[in-house]
Each structure stands twice: as structure tokens, then as C-alpha cells.
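A.B. asks: I have a structure I would like to understand better, so I am pasting it below and will then ask my questions one at a time.
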Amino acid sequence: MGVRIIVHKPENWKYGNIFGDILSERNGDKLIVKMIKSIKGENIESKFIELKPQNETETFKPLFRNSTVMVNGNIFDENNEISEYVISGSVTFD
């Protein structure tokens, strides 16, 4: 299932909207997305991003009702050994 992530922070974001496919969803509180294009952070470059709702009491269930969810995103390497915060934004099904 495809998603679109609209980045709100950092303000100087240079990659535009992020598009990708959901690889997994865990208990409604975490999405793993494989992005169409890699993103380079300060320490790593990756096609994988982990999204979590900004509000700890929220889940991703509103996505299934065509709503947006505010998220924080961390990119991580393929071995999931290194993770780095990169964005805050909103996610919707694409």
C-alpha cells in the first residue's frame, strides 16, 4: 500500500514529498515504509523510514478512513543497526 509523507520539519527540507510503500505495520503505532528514493541524513543514507505518530495516544487507524496522521520519521540502515531522526510531517495513503 502506498503512502505520501508531507514534510513539515525541518523547514529547509530539500527532498519534497516522500513516496513509498508500507512494508509493515506494528500494532497501529509504527509503520515501516520503503521509500521510492533514498534520503540522506547526517550519518546514513537509506530507502527505509520508520514512522510513529507524534502524539503517543494516536495510532495509524485514521489512515484507513482517508485521514492524515502527524508523524515523526527515522531513517535506518538495512540491518536496522543505525537509526537517525529526519522529519516531522503528515502521512496519507497515496
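The values are calculated or read from the model by the stated rules, or taken from the named source; none is laboratory data. Please read these numbers as outputs of a predicted model, since none were measured by experiment. All Cβ positions, even for glycine, are placed from backbone atoms using ideal geometry, and neighbour counts span all protein chains on display. Just the protein is used for accessible areas: all its heavy atoms, side chains included, with ligands, DNA and RNA removed. Shrake-Rupley method; radii C 1.70, N 1.55, O 1.52, S 1.80 Å.
A.B. asks: Find the accessible area per residue for the chain; the probe is 1.4 Å, ligands and nucleic acids are left out, and the unit is Å².
C.D. replies: Per residue, the chain has 63 Å² of solvent-accessible surface.
A.B. asks: Counting only other residues whose beta carbon sits under 15 Å from that of residue 36, what net charge do I get with K and R as +1, D and E as -1?
C.D. replies: After counting each charged neighbour, the total is +2.
A.B. asks: Could you tell me which GluC sites (Glu not before Pro) in the chain are loop residues by DSSP with no more than 12 other beta carbons within 10 angstrom of their beta carbon?
C.D. replies: Here the GluC sites (Glu not before Pro) that fit, given the DSSP loop and packing criteria, are 11, 42, 56, 78, 81.
A.B. asks: Just flag the chymotrypsin sites (Phe, Trp or Tyr not before Pro) in the stretch 63-94 sitting in loop per DSSP whose Cβ has no more than 15 other Cβ atoms within 10 Å. Provide the component values of the computation, followed by the final result.
C.D. replies: Numbers: sites: 64, 76, 85, 93; in loops: none.
Of the chymotrypsin sites (Phe, Trp or Tyr not before Pro), not one in the loops of the stretch 63-94 has a Cβ with at most 15 other Cβ atoms within 10 Å.
A.B. asks: Let me know the charge dipole size of the stretch 41-88 about its Cα centre in debye, to the nearest 20, where only the beta-carbon of Lys, Arg (+1) and Asp, Glu (-1) is charged. All intermediate terms of the calculation are to be shown ahead of the outcome.
C.D. replies: Working: 4 positive and 9 negative charges, 94 e Å.
Dipole magnitude for the stretch 41-88 comes out near 460 debye.
A.B. asks: Post the alpha-carbon centroid distance, the stretch 9-36 to the stretch 64-94, in whole angstrom.
C.D. replies: Cα centres, the stretch 9-36 to the stretch 64-94: 4 Å.
A.B. asks: Each residue of the stretch 45-61 in order: what ³J(HN,Hα) in whole Hz does its phi give by Karplus 6.51 cos²θ - 1.76 cosθ + 1.60, θ = phi - 60°, with x for Gly and Pro?
C.D. replies: Result, rounded to whole Hz: 10, 8, 9, 10, 9, 9, 10, 10, x, 5, 8, 4, 8, 8, 10, 8, 4.
A.B. asks: Which one of 8, 67, 41 has its Cα pushed farthest toward the positive end of the charge dipole of the stretch 6-94, where Lys and Arg give +1 and Asp and Glu give -1 at the Cβ?
C.D. replies: In the stretch 6-94, that residue is 67.
A.B. asks: Okay, moving on. So between residue 42 and residue 94, what do we pick up on full extension, going 0.36 nm a residue minus the alpha carbon distance?
C.D. replies: Working: separation 52, 0.36 × 52 = 18.72 nm, distance 2.78 nm.
Extending this stretch completely gives an extra 15.9 nm.
A.B. asks: Rounded to the nearest percent, how much of the accessible area of the chain (1.4 Å probe, protein heavy atoms only) is carbon and sulfur? Numbers along the way, then the final one.
C.D. replies: Details: 2570 of 5930 Å².
The C+S portion of the solvent-accessible surface of the chain is 43 percent.
A.B. asks: Once phi is turned into θ = phi - 60°, what whole-Hz ³J(HN,Hα) does the Karplus curve with 6.51, -1.76 and 1.60 give for every residue of the stretch 84-94, x standing for Gly and Pro?
C.D. replies: After applying 6.51 cos²θ - 1.76 cosθ + 1.60, I find 8, 5, 10, 8, 10, x, 10, 10, 9, 5, 9 Hz.
A.B. asks: So what are the chain's ellipsoid semi-axes, whole angstrom, largest first, if each one is the square root of 5 times an eigenvalue of the alpha-carbon gyration tensor?
C.D. replies: Semi-axes from the Cα gyration tensor: 19, 14, 12 Å.
A.B. asks: Right, here's the next one. Once you keep just the Cα pairs under 8 angstrom separated by 6 or more residues, what percentage relative contact order results for the chain? Please list the in-between numbers first.
C.D. replies: Working: 218 pairs, mean separation 28.2, N = 94.
Once divided by the residue count of the chain, the mean separation gives 30 percent.
A.B. asks: Here is a follow-up. What net charge do the residues around residue 2 carry, taking every other residue with its C-beta under 13 Å from that of residue 2, with Lys and Arg at +1 and Asp and Glu at -1?
C.D. replies: Net of charged neighbours comes to 0.
A.B. asks: Taking θ = phi - 60°, what integer Hz values does the Karplus form 6.51 cos²θ - 1.76 cosθ + 1.60 yield along the stretch 26-41, in sequence order, with x for Gly and Pro?
C.D. replies: 10, 6, x, 10, 7, 10, 10, 10, 9, 7, 5, 10, 5, 10, 9, x
A.B. asks: Also, I was wondering about something else. So what's the net charge close to residue 50: Lys and Arg +1, Asp and Glu -1, counting the other residues with Cβ under 10 Å from its Cβ?
C.D. replies: Summing Lys/Arg as +1 and Asp/Glu as -1 gives +3.
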